[in-house]
1. Looking only at region 138-152, how many residues end up being hydrophobic (A, V, I, L, M, F, W, C) and either in contact with a Pro (Cβ under 9 Å, 6 or more places away or on another chain) or more than 15 Å from ligand 1 (Cβ to nearest atom) (or both)?
2. Given (1) within 24 Å of THR50 (Cβ to Cβ); (2) among the hydrophobic types (A, V, I, L, M, F, W, C); (3) more than 13 Å from ligand 2 (Cβ to nearest atom), where does VAL161 come up short, assuming only one miss?
3. If we keep just the residues of region 173-182 that are open to solvent by less than 10 Å² (accessible area, probe 1.4 Å) and not hydrophobic (A, V, I, L, M, F, W, C), which is farthest from THR392 (Cα to Cα)?
4. Is it true that some residue in region 222-231 is among the charged types (D, E, K, R), near ligand 1 (Cβ under 9 Å from one of its atoms) and modelled with pLDDT of 95 or more?
5. Going through region 105-135 one residue at a time, which ones are of a type in the set (A, V, I, L, M, F, W, C) and buried (at least 16 other Cβ atoms within 10 Å of the Cβ)?
6. Collect the residues in region 199-221 that are in contact with a Gly (Cβ under 8 Å, 6 or more places away or on another chain) and within 9 Å of ligand 1 (Cβ to nearest atom), keeping them in residue-number order.
7. Which residue pairs have Cβ atoms closer than 7 Å, lie 6 or more positions apart in sequence or on different chains, and pair a first residue in region 382-405 that is assigned to a helix (DSSP H, G or I) with a second residue that is surrounded by fewer than 17 Cβ atoms within 10 Å (Cβ to Cβ)?
8. Quick check on my filter: what residues within region 183-217 are more than 16 Å from ligand 2 (Cβ to nearest atom), open to solvent by less than 60 Å² (accessible area, probe 1.4 Å) and not hydrophobic (A, V, I, L, M, F, W, C)?
Amino acid sequence: MSTKQIIVKKFGGSSVANIDRVKAVAKRIVDSKKRNNNIAVVVSAMGDTTDELEELAFNISKTPPDREMDMLMASGEQISASLLAMAVKALGHDSIALTGPQVGIKTDGSHTKAKIERISAKRIRDAFNANKIVIVAGYQGLNDNQDITTLGRGGSDLTAVALAVALKANVCEIYTDVEGIYTTDPRKVKTAKKLKKITFEEMLEMASLGAQVMQARSIEVAKKFNMPIHVRSSYSKAEGTMIMRRNTKMEEIAVQGVTSNKSEAKITINAVPDKAGIAAQLFNAVSKVGANVDIIVQNVSHKKLSDISFTVPKTDLTKALKATQTVAKKLKAGEVTSDKNIARVSVVGSGMRSHQGIAARMFETLAKNKINIDMISTSEISISCIINQKQTEKAMQVLHRAFIG
Ligand code: ADP
Ligand code: ASP
Ligand code: MG
């Protein structure tokens, strides 16, 4: 029986943005391997490669076919994985680069946002037995038709966590361009504080509400299988942040983090007859076209007419707008308008369950800074406000100052 630790390390796009960075990562991996560990490395596409590939496709068609889109997008990670394996070999250590399909990552059929169904990690275990460092192209798998699928943007995080679970790794390390998880985006708010620990629950909420440092779905998987994640910098040796299950010593903090998200748009349907069944009709039509509705607000006027506003991801706006316009015509409602210039700012913390007055303080803080609230939404451990996108950074600053310091 081997007593070696199994460690899965994931390096994000900025960590392998150029050949010097690829070489630096190779050195770090080989050093860790020398400490007698079995190491599987998941790597993202170099720098902005994924965005550039997407742009190429959109220069051909506004609606590129999903299957070919996945084939294109997955190629970015294959470049970085093969180069990294070459760099490791150049340092004198044996290594093998594998694509998602080659390591047996099987997904469902939903191209561009596939879910991992199973992983047969045999090929990785065989490589470990041959003392090789395994480099895996992140963000991709294979569906039952033997077609390449991708796991949604930021999906290399999911590859890393899922592989860590499949390999029964001791820890999953996520190397990125900041030193860990902060109370808010450290690039937007200079006073952001690095956290030593954060629970799966809070990280999942922060990621879902816009903290792009971890893909939300990867945290769902880590939480389900209780796989601890260490988020740290690929540029320094400093300890980062542990994302883990709550233990009794961890304090429940009212506001642990502040996030923002500019990826949503708002649709408003004006002067809708105020009678039973209208909302059902509208949201049935919107969900039928595959648009994900989130916040919904209905204002009722005295003349038996109401305005209904709701948010959808910007990527779903065109189809949701079309569906809404069709329903508006049928209902003889008024104008349908849309607004892309919105943003969501949120405060997150598990202590919200027991602390009162967080919502009032949030609204007061925004009001004092002349930031108008357009819509509000709450969950058990978060409060979100929709505001004008131009005021996003200011809102994050003032909320961070009010709740965290
Ligand atoms: P990678 O390329 O390594 O996957 P990402 O760009 O996906 O990196 O995520 C890292 C970025 O996430 C950071 O540069 C930072 O600007 C942003 N970020 C947003 N919210 C947070 C937060 N609360 N803590 C740390 N980073 C955050
Ligand atoms: N390269 C993919 C993206 O940019 C996956 C990842 O980086 O996690 O979304
Ligand atoms: Mg990322």
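The values are calculated or read from the model by the stated rules, or taken from the named source; none is laboratory data. Everything quoted here is computed from the prediction, not taken from an experiment. Note that each Cβ is placed from the backbone with ideal geometry, even for glycine, and that neighbours are counted across all protein chains shown. Note: accessible area is taken over every heavy atom of the protein model, side chains too, but ligands, DNA and RNA are not part of it. Shrake-Rupley method; radii C 1.70, N 1.55, O 1.52, S 1.80 Å.
1. Qualifying residue count for the region: 2.
2. Checking VAL161 against (1) within 24 Å of THR50 (Cβ to Cβ); (2) among the hydrophobic types (A, V, I, L, M, F, W, C); (3) more than 13 Å from ligand 2 (Cβ to nearest atom), the one that fails is (3).
3. Ranking the qualifying residues of region 173-182, first place goes to TYR175.
4. There is no residue in region 222-231 that is among the charged types (D, E, K, R), near ligand 1 (Cβ under 9 Å from one of its atoms) and modelled with pLDDT of 95 or more.
5. ILE105, ALA114, ILE116, ILE119, ALA121, ILE124, ALA127, PHE128, ILE133, VAL134, ILE135
6. MET206, ALA211, GLN212, MET214, GLN215
7. Short answer, once both residue conditions are applied: GLN389/LYS262; GLN389/ASN341; THR392/LYS262; GLU393/LYS188; LYS394/ASN369; MET396/LYS188; VAL398/ASN369; HIS400/THR191.
8. Within region 183-217, THR183, THR184, ASP185, PRO186, THR199, GLU201, GLU202, GLU205 qualify.
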